[in-house]
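Rule-based calculations on the coordinates, nothing more; no lab input. None of these values were measured; they are calculated from a predicted model. Positions of Cβ are backbone-derived with ideal geometry, glycine not excepted, and every protein chain shown enters the neighbour counts.
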Amino acid sequence: MFKGLLTTLKEWAGKPVTIQYPEEKRPVRTRFKGRHVLKRYENGLEKCIGCSLCAAACPADAIFVEAAENTDEERYSPGERYARVYEINMLRCIFCGFCEDACPTEAIVLGDNYELSFTDRHQSIYTKEMLLEPVPEGGKPTPQQTPPGVYVRAVPAMQDPQD
Amino acid sequence: MANEVTLTIDGKTVRVPQGTLIVDAAKKIGIDVPVFCYHPKMEPVGMCRMCLVEVGRPVMDRATNQPVLEADGTPRIAFGAKLETACTTPVSEGMVVITQNQKVASARREVLEFLLTSHPLDCPICDKGGECPLQNLTMGYGPAESRFLFEEKMHLAKHVPLGELIYLDRERCIQCARCVRFQKDLVDDPVIGFYQRGRSLEIVTYSEPGFDSYFSGNTTDICPVGALTTADFRFGARPWELKPVASICTHCPVGCNLTFNVRREAASGGKLVIKRAMPRQNELVNEIWICDKGRFAYHFVESPQRLTQPLVRKNGELVPASWEEALEAAAQGLKQAGENLVVLAGGRLSNEDLFNLRKLADAQRGKAILYTHMGGGDLTQQVGLTPGSNLGSLGKGDAVLVIAADLHEEAPIWWMRLKAAAERGAVLVVAGARPTRLERYAAKVMRYRYGEELNIIQSLMDGAVPELSQAENLVVFYGAEGLDLLGTNALAQACATLLYRSGHYGRPNNGLVGVWKEGNAQGAWDMGFHTVGNYTRTLSEAAAVLIAAADPAGDDPLLAQALDRAGFVVVQELFLTETARRADVVFPAQSFAEREGTFTSGERRVQRFYPVIYPVPDCRADFVITAQVARKLGHALEMASPAKVFLQIASEISHYQGLTYPRLAEVEEQWPPVGRSDLYYGGTAYDNRQGMGVALPALCQQQGWQLPMFWNDRLPERTFELAAMNQQGMVWLVPFNRLYDRGTTVKPSQLLEKRMVSAHIALHPETARAVGLSGVEKVQVEGLDGPLPLVLDETLPQGVAFYPRSAGVPALAPRGVKLHAVKAEVQEG
Amino acid sequence: MNELLQTYPEEVKQILAKYPAEYKRSAVMPLLYLAQRKEGYVPRQALEDIAEILEITPTEVASIVGFYTLYYDQPAGRYRIQVCTDLPCALRGADRFLEELCQRLGIREGETTPDGLFTVEAVKCLAACHRAPVFQVQGDGEIEYHENQTVELTLAWMEQVREKVRAEKEAQS
């Protein structure tokens, strides 16, 4: 009995493992797969081109994409196509990361956020506005007005596809 | 058969007709030879070099002309030093073809490496991605890596609108010329062409409007890459996300088989919507093509202007009502009218709707009238085309007569098939009062003045064109241009007489075909509808009128007045038309895309269409509405399902006997294969798995010649006197058809807006002078509202005024009128 | 309406007379030469005009302009100096000749001199390798070969042409 009590006393004197969540948050591991983030380029344009390959790759059928056409007056992403609607049903998502692998523009990334809670099913559908990362410093929000003939490539040239 | 040759492909022996190309022979035994530029519907050109195969031929002894044999007794085969193109090489006796070996594989790999040198890497955003021959063949035969430098890829314009319907991406083009050849060879609209050569080759159009062809959409189906895409589908969805549903085009009597691609759309609140219309293969009807009207003018079914609830007139106003209320009101009104009921239906309704409408009319002892100005449907039942007919099989020794119709505008796919028949050697005779596009391929063009159509038939009976009267088979297409109901009736009778006297009836590829304005006008005749000469009187004298899918009030102010005089008016419609505005009760109907049913084409093929999208809430199918009204009146009509109504049709209407929905859904093997795993071969048109329909027998086959002889001797010279009319200062006002009109079912497709014809009056300059309208910009047609712009055109016949049908000129059938000049309005300020 | 027909009624008639009526589309090439006689290139309107005369589509006419290198769709100088730079010519110094000529004229290949008289272009084989550097001059409806060229020779010839054009202008005014 004293032996057991000794363990208790030892732990009592040591540093506690619990933290004051949600005030405090524990850092996640580098390969942690949390809620998705839709990335932007430095100038604020969205990386997502609405190709729907993530939806095709998704084993849980959690992603829904609807595309539309960019114009220079109203540009969301480089190239001709952008995602007008981008929704992920977080109740369905199994956080496998296939969408990240399928993405040709590295637009969708599984981030660090693990705080997914909702009180009804509708809230589990994350829309494009919720998923998009904030506009980086120096960038402009989308849609942007852009000079003609500049953003003609949807898929960035990747010299080495191994990158 | 004597004209067959035997050859061996990859060790399999096959017998095919002489002249078959290696690529087709291989396909027939299930061996795939990859192609890009070759298309089974077009002449080969051998441009892409993808189909290279190794070909060996037996060595012949020059002295004896016998094959040289090896020691083991097999013929010695000499293989060429180089590979040959399977798409341009016809088969020969004893040929040995190898499509799978190291040499062929490396040739394919290298051809693909070249094709991909400047092909962009934008499959993720390409509309073709997922149904792309280049993508598929690269996966199957291509190199994983390119030896070319990435920086040296050519960068070309990616967004080049060839007109407002078709977009070109110059980078993606692999210069196979399928589109250019389709436009030039198959539809004779060489409005796109190659510019420059070698690596700088590009597709251009110089027509106004750009890519000015009624068949332009087909080029996107056969394009083996995503270089040509339609504005309608642009970035609409990825192909693998779409669900295909079979349907039938309702815009003209050809009855082209369609496949609608549907998907749920967030922008439409999660509803199932049509993303694109694609051709569905039916080699007996539309082959693998559709016209641009069929492809782009389906948007009316999704129009926000659709009626969504029943309306009932209360205190002079149409107000929304419940179905029960509206049905009760309609039944009350019809009950009071008693036997003086007119049921007026348009030819875009399905057979099931029309059958129930006619049954209701019968039960009330009323009249069932088809809203049309074209007669002769009773004759096409008698001497129409018979089962086994196929316009695609007409050729040498056969003849076709087209009279009073402009098929290029009215039924483009018939135009295309008759042009092809003429090129195969069929004798095409085109008779018309004005030049039309079909005349270019005619063996004989016969010109007449309006009113003298019968004269042409008489002269043909007298042997004016011996090739026609002596032809093995004869098909007669008659239209209604410049003719009223009496005129078309007479013309149809004359055509039937012609067929009878030359014995061209009751066998396949012989008979009479009506070029109706609506898709299912033939079905309406079959369901027991009739026509009347004078709609004004019929409508104004009726105590009650039930109108379905027709807009007489919108077509003609005289009919609007007549409708106002009619007693009680019930309307079943998609939209709040002028007619619906005048009704006492309006029922919102379902469009053909929301339900099942059958249509009967002009060639008298009964075809099934399927529910494509979910019905607009609170709309009901026309046959259900009719049956529910009938039930209130104490008549039991079938309303459980269209299939059950069709069973009744089959049991009551003699030539529909034995037809059932499952029979209509039967398919047979078709050539060439399209739309399966080998999209590179025939394009993205859909394989037909939902039914090719059944051709109806002609009544004269079953019962012998039952028609009265309309004229024992000679036909009357003319149906009316154009010259006499002109002398009184009047002109014959003739509606002509344009493919892109502004009808109820076309107008909601805004993509076509720029190409839709606008209201005007067209005259020959001489005629304009004769009636005192030289130098006038606008004219007033007596009896019609509002002035119309005047256009002078020297190709038109004299003494006649033309206006485009369904384009806002409120008139229905041809008539004699006076024209007045309208003074230019003085602008204020 | 039809500008080409109005400008050259006789010439058009003569050209059409050479071909059977049912194959009159064959006249497209001589008509294109006619169309570019005045301005050295085929203007957009001429495509329509020729199409109308021959009853074919403007697109078909345009694809012929595009295919053949001696039809031009862009305006250029009155004289086109076309230097062959293929391998045998290059071995005899044609590419250096072209480079130097452009340098001396202060223009790049494909551009026109500021006075609007000369356009310098590189072309494929002129079939005169043995006398390279060689160029042909197109202008005033004529084609003329200049062989065994040096930059000095060419510049001297260009000066002569300038002189001639100046004299023409004076004679006119």
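Using only side-chain charges placed at the Cβ, +1 for Lys and Arg and -1 for Asp and Glu, the dipole size of the protein assembly as shown relative to its Cα centre rounds to 2100 debye. Principal-axis analysis of the Cα atoms of chain C puts helix C:44-54 at an angle of about 50° to the longest axis.
Once the Cβ-Cβ distance between B:Arg199 and A:Tyr114 is put in as r, and R0 is 51 Å, what FRET efficiency do you end up with, to the nearest 0.05?
Using R0 = 51 Å, I get an efficiency of 0.45.
Report the normalised scattering of the protein assembly as shown as log10 I(q)/I(0) at q = 0.04, 0.07, 0.08 Å⁻¹, calculated by the Debye formula with identical scatterers on the alpha carbons. Summing over Cα pairs of the protein assembly as shown leads to -0.29, -0.85, -1.07.
Charge dipole of chain C (Cα centre as origin; +1 on each Lys and Arg Cβ, -1 on each Asp and Glu Cβ, all else neutral): 240 debye, rounded to the nearest 20.
Checking the a/c ratio against 1.5 first, then a/b against b/c, what shape does the Cα gyration tensor give for region B:377-515? Rounded, since a/c falls under 1.5. In the elastic network of chain C, a GNM with C-alpha springs shorter than 10 Å, the most mobile of C:Ala21, C:Ala90, C:Ala128 is C:Ala21. Note on the protein assembly as shown: helix-only mean residue ellipticity at 222 nm, from DSSP H runs of 4+ residues weighted -39500 (n - 2.57) and normalised by residue number, equals -7500 deg cm²/dmol. Net charge of the neighbourhood of B:Lys335, taken over other residues with C-beta under 15 Å away and scored Lys/Arg +1, Asp/Glu -1, is 0.
Rounded to the nearest 20 debye, the dipole magnitude of region B:4-100 is 180 debye, with +1 charges on Lys and Arg beta carbons, -1 on Asp and Glu beta carbons, and the Cα centre as origin.
Shape class of region C:3-67 from the alpha-carbon gyration tensor: oblate, with a/c at 1.5 or above and b/c at least as large as a/b.
Positive contributions from Lys and Arg (+1) and negative ones from Asp and Glu (-1), summed over other residues with Cβ under 11 Å from the Cβ of B:Asp462, come out at +2. Think of region B:377-515 as a dipole: +1 on every Lys or Arg Cβ, -1 on every Asp or Glu Cβ, centred on the Cα centre; then among B:Gly425, B:Val383, B:Val476, B:Gly425 lies furthest on the positive end. Counting alpha carbon pairs within less than 8 Å and at least 6 residues apart, what relative contact order, in whole percent, applies to region B:279-407? Over region B:279-407, the number comes to 17 percent. Sparsely packed loop sites in region B:1-62 (the trypsin sites (Lys or Arg not before Pro) outside DSSP H, G, I, E and B with at most 11 other Cβ atoms within 10 Å) comprise B:Arg62.
Annotation note: trypsin sites (Lys or Arg not before Pro) in region C:1-52 located in DSSP loop regions with a Cβ neighbour count of at most 14 within 10 Å are C:Lys18, C:Arg37, C:Lys38. Ignoring the sites themselves, chain A has its longest run without trypsin sites (Lys or Arg not before Pro) in a DSSP loop having at most 11 other Cβ atoms within 10 Å at A:32-163.
Springs between Cα atoms under 10 Å define the GNM used for chain C, and in it the highest mean-square fluctuation of C:Cys125, C:Cys102, C:Cys84 occurs at C:Cys125.
If I take every Cα pair under 8 Å that is 6 or more residues apart in region B:4-100, average their sequence separation and divide by the length, what percent do I get for the relative contact order?
Normalised by residue count, the contact order of region B:4-100 is 40 percent.
Take the alpha carbon gyration tensor of region B:665-744, find the square roots of its eigenvalues, order them as a ≥ b ≥ c, and report rounded if a/c is under 1.5; if not, report prolate when a/b exceeds b/c, else oblate. Oblate is the answer for region B:665-744, as a/c is 1.5 or above yet b/c matches or exceeds a/b. Each Cα pair under 8 Å and six or more residues apart adds its separation to the average, and for chain C the resulting relative contact order is 17 percent. Each Lys or Arg adds one and each Asp or Glu takes one away; over the other residues whose Cβ falls under 12 Å from the Cβ of B:Arg264, this sums to 0.
Please go through the residue pairs B:Lys517/B:Lys778; B:Lys184/B:Lys444; B:Lys444/C:Lys24; C:Lys38/C:Lys169; B:Lys271/B:Lys747; B:Lys128/B:Lys275 and name each one whose alpha carbons sit more than 25 Å apart in this structure.
Table pairs above 25 Å Cα-Cα are B:Lys517/B:Lys778.
So between A:Tyr21 and A:Arg92, what do we pick up on full extension, going 0.36 nm a residue minus the alpha carbon distance?
Contour length minus Cα-Cα distance gives 23.0 nm.
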